[in-house]
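Participant: Below is one structure. I have some questions about it.
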Amino acid sequence: MTENKIAIIGASEFQVPLIEKCKELGYTTYVYAWRCGDVGEKIADFFVPISVVEKETIYQDIVSKGIKSCVSIGSDITQLTVNYVLRKLNIRCNKEITDVLACNKYEMRKAFRSNGILCPQFMKSFTLPTRAELESFRYPLIVKPTDRSGSRGIYKVNNYEELCECFESSKELSFEKACIIEEYIEGKEYSCETISFNGKHTILSLTEKHTTGAPHFIETGHDEPADISIDENIICRVLDSLHIEYGAGHTEFRVDDKNELWVIETGARMGGDCIGSDLVPLSTGYDFLKMVIDTASGKEPDYTKSAHQKESHIRFIFNEKDIEEMNNHKIIKKSIKDMDFNNSVSDSTSRHGYYIY
């Protein structure tokens, strides 16, 4: 019998649930990433030390090993390689236009606007814009790299002087050395987790997001289910505008005091921060990981629900107080990677750990 092999792009801690699920489903796992000691290197059946951005090299290695599918979760960069490989393997997946629209915030904003989706006023700039260029904008503004994720390089500015102070820092984190500048929308922040197949979208859950707030908006935790109801057609229009037809989707939005839904951005991938891998199955019973693996193998996802909790939560560890708070909950899963709280948290990658309850 032919061995059931699958390629997993990325070896970070947040890929671990995917590796474990693939093994549970009977796959032999081949994990591709630059060797740096990540946990995925250790738990994979086979670790292949190729950088996640080396698409063609990974594809050639996959073919040589007789691997028939490729998958990743929670990362825009790894998803680009997944899509590249799936197309070359002739497995149904999102088109190249989705790679562009879902991974560049400026192109994404243009797609939203052209499809009548409510989003903030915005502009793209490779250099610090002049006061005159921002004359039609209303402060406060959000400044962020056009093509990064994980709360990297995000700033909220209240005036032009503050923009001058942070623009270059944000731009330097961009792969294309550009920023998107947009008006800040007041309101609670949420996300919507979806699965798509053959262009049909299914809403799996709504998540409430908690952040540090200005200036960097680093996520401190997430709750499911969010205590709101929305017009699901809006989310479907968002996915259609980015030509998302297959796989997971993660749409972030704010709801203002007039109950209007403002779309912030959408990833053609599962939500990171354990949202898709842990919170969704815990709070809904959907096996989201299996859905993603199935769609990456060209199979229609299974929408069966299993027994589940009424709610699920994740909290990230920033300081000693967060460790103390952890003891007040029924912990399902935890990961503490760094207890040196003298190391400040600058983005989502430098948080000290998390716990799920």
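The values are calculated or read from the model by the stated rules, or taken from the named source; none is laboratory data. On a predicted model such as this, the values are computed, not experimentally measured, just so you know. When we count neighbours, we look across all protein chains shown, and the Cβ atoms used for this are built from the backbone with ideal geometry, even at glycine.
Participant: Name the pairs: first residue in segment 216-235 and assigned by TED's automatic domain parsing to the domain that holds ASP273 and at positive phi, second residue modelled with pLDDT under 95 and part of a loop (DSSP other than H, G, I, E, B), Cβ to Cβ under 7 Å, at least 6 apart or on different chains?
Facilitator: Filtered contacts from segment 216-235: PHE217/SER151; PHE217/ILE154.
Participant: Restricting to segment 166-195, give me the number of residues that are of a type in the set (S, T, N, Q) and surrounded by fewer than 22 Cβ atoms within 10 Å (Cβ to Cβ).
Facilitator: Filtering segment 166-195 for residues of a type in the set (S, T, N, Q) gives 169-170, 174, 191, 194.
Retained after the next criterion (residues that are surrounded by fewer than 22 Cβ atoms within 10 Å (Cβ to Cβ)): 169, 174.
Going through segment 166-195 one residue at a time, the tally reaches 2.
Participant: Here's a follow-up. Name, by its number, the condition in (1) free of Cβ contacts under 8 Å to residues at least 24 places away in the same chain; (2) more than 30 Å from SER169 (Cα to Cα) that does not hold for LYS110.
Facilitator: Just one mismatch for LYS110, condition (2).
Participant: Could you grab me the full set of residues in segment 219-238 that are crowded, with 22+ Cβ neighbours inside 10 Å and aliphatic (A, V, I, L, M)?
Facilitator: Listed by number, the residues that qualify are ILE235, VAL238.
Participant: Can you tell me which of GLY247, GLY267 is on the phi > 0 side of the Ramachandran plot and outside the structural domain of VAL16 (by TED's automatic domain parsing)?
Facilitator: The unique qualifying residue is GLY247.
Participant: Which numbered condition in (1) at pLDDT 95 or above; (2) under 23 Å from CYS236 (Cβ atoms) is the only one that ASN104 fails?
Facilitator: Failing condition for ASN104: (1).
Participant: Of the residues VAL82, VAL71, only one is outside the structural domain of GLY271 (by TED's automatic domain parsing), closer than 14 Å to SER297 by Cα and touching a Ser or Thr at 6+ places or on another chain (Cβ under 7 Å); which? Show your work before the answer.
Facilitator: Numbers: VAL71 fails: touching a Ser or Thr at 6+ places or on another chain (Cβ under 7 Å).
Going through VAL82, VAL71 in turn, just one is outside the structural domain of GLY271 (by TED's automatic domain parsing), closer than 14 Å to SER297 by Cα and touching a Ser or Thr at 6+ places or on another chain (Cβ under 7 Å): VAL82.
Participant: Same structure again: Could you please tell me which pairs satisfy a Cβ distance under 6 Å, a separation of 6+ or placement on different chains, a first residue in segment 340-357 that is free of Cβ contacts under 8 Å to residues at least 40 places away in the same chain, and a second residue that is among the acidic types (Asp, Glu) and in a loop (DSSP other than H, G, I, E, B)?
Facilitator: Cβ pairs passing all conditions: HIS352/ASP338.
Participant: Can I ask one more? Quick one: LEU118 ticks every box in (1) out of contact with any strand residue (DSSP E or B) (no Cβ under 6 Å at 6 or more places or on another chain); (2) on the phi < 0 side of the Ramachandran plot; (3) not acidic (Asp, Glu) except a single one, so which number is it?
Facilitator: (1)
Participant: For segment 46-157, give me every one of the helices (runs of 4 or more DSSP H) that falls completely inside it and has 2 or more residues that are surrounded by 16 or more Cβ atoms within 10 Å (Cβ to Cβ) and of a type in the set (Ser, Thr, Tyr).
Facilitator: Those helices (runs of 4 or more DSSP H) span 76-88.
Participant: On to the next question. Using beta carbons and a limit of 7 Å, which pairs, at least six apart or on different chains, have the first residue in segment 73-85 and under 16 Å from ASP273 (Cβ atoms) and the second one in a helix (DSSP H, G or I) and of a type in the set (S, T, N, Q)?
Facilitator: Short answer, once both residue conditions are applied: ILE73/GLN15; ILE73/SER277.
Participant: Taking segment 191-217, which residues are farther than 26 Å from GLN309 by Cβ and modelled with pLDDT under 95?
Facilitator: Correct list: THR212, GLY213, ALA214, PRO215, HIS216, PHE217.
Participant: To continue, here is another question. Is it true that some residue in segment 41-51 is of a type in the set (Lys, Arg) and touching a strand residue (DSSP E or B) at 6+ places or on another chain (Cβ under 8 Å)?
Facilitator: There is no residue in segment 41-51 that is of a type in the set (Lys, Arg) and touching a strand residue (DSSP E or B) at 6+ places or on another chain (Cβ under 8 Å).
Participant: Let me ask something else about it. Being touching a strand residue (DSSP E or B) at 6+ places or on another chain (Cβ under 9 Å), part of a loop (DSSP other than H, G, I, E, B) and closer than 19 Å to ASN104 by Cβ: is that true of SER174 here?
Facilitator: Details: touching a strand residue (DSSP E or B) at 6+ places or on another chain (Cβ under 9 Å): yes; part of a loop (DSSP other than H, G, I, E, B): yes; closer than 19 Å to ASN104 by Cβ: yes.
In short, yes.
Participant: While we're on this one: Being out of contact with any His (no Cβ under 8 Å at 6 or more places or on another chain), within 22 Å of THR212 (Cα to Cα) and of a type in the set (D, E, K, R) is the requirement here; does GLU320 meet it?
Facilitator: yes
Participant: Can you tell me which residues in segment 235-287 are more than 16 Å from THR98 (Cα to Cα) and of a type in the set (Phe, Trp, Tyr)?
Facilitator: The answer is PHE253, TRP262, TYR286.
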